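Accompanying notes for the structure given below.
Throughout, read-outs are computed from the coordinates displayed, never taken from laboratory work. Bear in mind that the values here come from a model prediction, so they are computed numbers and not experimental data. Note that each Cβ is placed from the backbone with ideal geometry, even for glycine, and that neighbours are counted across all protein chains shown.
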Amino acid sequence: MKKNVWLLAIGLIAVALAPSCKPKGAQSAITGDAASKVYVAPGTHDEFYNIVSGGFNGQMSVVGLPSGRVFKILPVFSVHPENGWGFSEETKPMLNTSHGFVPWDDLHHIAISMTNAEHDARWAFGNANNTPRIARVDLTSFKTVEILEIPNSAGNHSSPFITQNTEYVVAGTRFSVPVGENSDVSIDSYKENFKGYISFIGVDPKTGDMDLSFQIEAPPFNFDLARAGKNKSHGWFFFSTYNTEMAHTLLEVNASQKDKDFIMAVNWKKAEEYVKAGKGKKVKAKYAHNKMNEETHTATSTIMEEVLVLDPTELKDIVYFIPCPKSPHGTDTDPSGEYIVGSGKLAAVIPVFSFTKMLAAIENKDFEGDVNGMPVLKYESVLHGEVEKPGLGPLHTEFDGKGFAYTSMFVSSEIVKWNIETLEVVDRVPTYYSVGHLMIPGGPTGKPHGKYMVAYNKITKDRYLPTGPELTQSAQLYDISGDKMQLLLDFPTIGEPHYAEAFPAALIKDKQVKFYPLEKNNHPYALKGVADARVERKGNEIHVYMTSIRSNFRPDNIEGVNVGDVVYFHVTNLEQDWDVPHGFSIKGANTAEILIMPGETSTYKWTPDRPGVFPFYCTDFCSALHQEMQGYLRVSPKGVNTPLKYSTGEAQ
Ligand code: RUQ
Ligand code: CUA
């Protein structure tokens, strides 16, 4: 009986919050003072970069704060016709997996690289939820440069989380699954045959290259959001778990039985020692590792064959469980690293745990049981205290660096500010509506910039002009520099925003790649000047070595191609100046355009399906004579011997 009370309560609240009923203050006008706080005058720049996940669009977007303006959409796990991501021959390998080409994913969380628990903003990491992968975006080029598939995982929601010197990017599995040679098992054998895995991905401190260092085998729980310890608790990791009931049907009810699930605390420094000592076993697993080479401008995909797995039921002192009420969705660690906040989405309180007490409880063997031999610590022994009556449906917590925590409340649609030491609620503001994640610039680091907070909301209802059955997603910016939070701005987002991070613009704005030096372009089809432009036939392949520069393509007219040939346009953009891309596309091609950056070479593949003359053109308005930037390709029927011929700009 009792088990369903919570579900019922949530249901009632959801009804109470149906569209007709708005949180208090929903109509309150924004004062002129608020408007001036988000005004970034023409010719001036925003103070922060905000990298926002796009959810089911598989992308990240780059937003300025405080203006809320979108600067760019970064394709990560989804093909992007705007710049040919996943369409050009060079980028296709980036989306390769052990399941073949997967041109979409669901990107929920961002992790920005850190040094000494502060953002260094060299890279932004993002997760693919559906076909487990982690991507790395280089924040000097705003390009996805690496994607690593994660084996033994399913539903890579619990990722990516980062340690304070970017030693590791870490991922937990949402779905536990059977792994290994024999994974054709009955779903009813869940408890015996299903396993959870936590993956530690090493990051090269110089290049950023990722490498799946080791995995820790875990019970078949569902893992949700996590945080690394920092400062004081550096060396530890804290994962929220739910479905510790280990249900495999109707989880809505069956995974909400217990009053407490767990935060799984992992001593990763210890795990690292075991790895160095040769513990753990190599297990066969297929996963793709894809890298973009910035000199050949070409990605490669390598299929890896094995992974190192540690078993914490044998290696006794790496995993401990902290009881946490109820079905936690997130765990966060405060800037000092002393406090670990659990956010049980069905819990009435927010429990705050003490790292010092946790270490003492481990030392004193203050256990109240075990999970497969791994100790469960006593709740009271680890607890710093509980935030009482915080609101309904706590999800995620960020910190302002001034002693306060801010927790998003999905069900009661609000952000609640509380004192980390005294656990007193000191302020609350409504969000419009149903906030998921929230973000403070530098919020997950040891040094937050406690000036702004952004709420990323799941439901928009009446905040913008309606746009058919699906309304735009929304973010809301609050001023948190004073005692009371103040709403400043609503702004729509691209895709569905989940987690986001923000950092000072000064960290990267003067480090941007402006163009790629032509002399370093090692693409096998790169051209160094217009004199090299040509067309070559190799069997039924036609290779067009093409240049683009304001405002022409060379060659521009091509003849001697037959139906049945495959045409590759290898286009080198000869420009050596900032912000002068050229595009390329040809009539009837079953693909998207490509957009070639200055100094880069990119390849467009086309299989003509009929005879005729086909125009191609530059798709980016690059100059006053952009409309003149064009050419023709003649296709003859199969077997007709039209001589191969091309023009490179001779006078007519
Ligand atoms: S989740 S709303 Cu996909 Cu990050 Cu918590
Ligand atoms: Cu090049 Cu338009």
Vicinal HN-Hα couplings computed from phi for segment 422-438 (Karplus, 6.51 cos²θ - 1.76 cosθ + 1.60; Hz; Gly/Pro x)
8, 6, 7, 6, 10, 6, 8, 10, x, 10, 10, 9, 6, 5, x, 8, 10
Sum up the charges of everything whose Cβ sits under 15 Å from the Cβ of SER551, counting Lys and Arg as +1 and Asp and Glu as -1, but leave SER551 out.
-3
Sorted by chain and number, the residues with a modelled amide H under 5 Å from that of ILE110, at a separation of 5 or more or across chains, are TYR499, ALA500
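Name the trypsin sites (Lys or Arg not before Pro) in segment 378-431 that are in a loop by DSSP and that have at most 14 other C-beta atoms within 10 Å, would you?
LYS402
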Restricting to Cα pairs below 8 Å that are 6+ residues apart, what does the relative contact order work out to for the chain? Please round to a whole percent.
11
FRET efficiency estimate (nearest 0.05) - Cβ-Cβ, ASP427 to LYS72, R0 35 angstrom:
0.55
Taking neighbour Cβ counts within 10 Å as the exposure measure, how do GLU272, GLU386, GLU305 sort from fewest upward?
GLU305, GLU386, GLU272
Each residue of segment 282-287 in order: what ³J(HN,Hα) in whole Hz does its phi give by Karplus 6.51 cos²θ - 1.76 cosθ + 1.60, θ = phi - 60°, with x for Gly and Pro?
7, 10, 6, 6, 9, 7
Could you compute the longest span of the chain free of chymotrypsin sites (Phe, Trp or Tyr not before Pro) located in DSSP loops and having at most 13 other Cβ atoms within 10 Å, not counting the site residues?
40-577
Taking N as its residue count, the alpha carbon Rg of segment 523-647 over 2.2 N^0.38 Å
1.00
Using unit Cβ charges (K, R positive; D, E negative) and no other charged atoms, how large, in debye to the nearest 20, is the dipole of the chain about its Cα centre?
420
Of PRO469, THR601, PRO444, farthest towards positive along the dipole that unit charges on Lys, Arg, Asp, Glu beta carbons give the chain:
PRO469
As an exercise, use a Förster radius of 41 Å and the Cβ-Cβ distance of GLU470 and ASN641 to find the FRET efficiency, rounded to the nearest 0.05.
0.15
Spin-label pair THR300/LEU250, simplified geometry with 7 Å Cα→Cβ offset, distance in nm
5.3
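Run lengths n ≥ 4 of DSSP H only: what is the helix-derived mean residue ellipticity at 222 nm for the chain, with -39500 (n - 2.57) per run over all residues, to the nearest 500?
Mean residue ellipticity at 222 nm (helix-derived): -2000 deg cm²/dmol.
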Pairwise label distance in nanometres, VAL613 with GLN576, each label 7 Å out on the Cα-Cβ vector
3.7
Using the scaling law 2.2 N^0.38 Å as the reference, what is the normalised Cα Rg of the chain?
1.05
Residues LYS284, LYS365 in order from fewest to most other beta-carbon atoms within 10 Å are LYS365, LYS284
Using the 10 angstrom Cβ neighbour count as an exposure proxy, how do VAL63, VAL613 rank, fewest first?
VAL613, VAL63
Phi-based couplings in Hz for segment 574-589 (Karplus 6.51, -1.76, 1.60; Gly and Pro marked x)
7, 4, 10, 8, 5, 6, 10, x, 10, x, 8, 7, 10, 3, x, 5
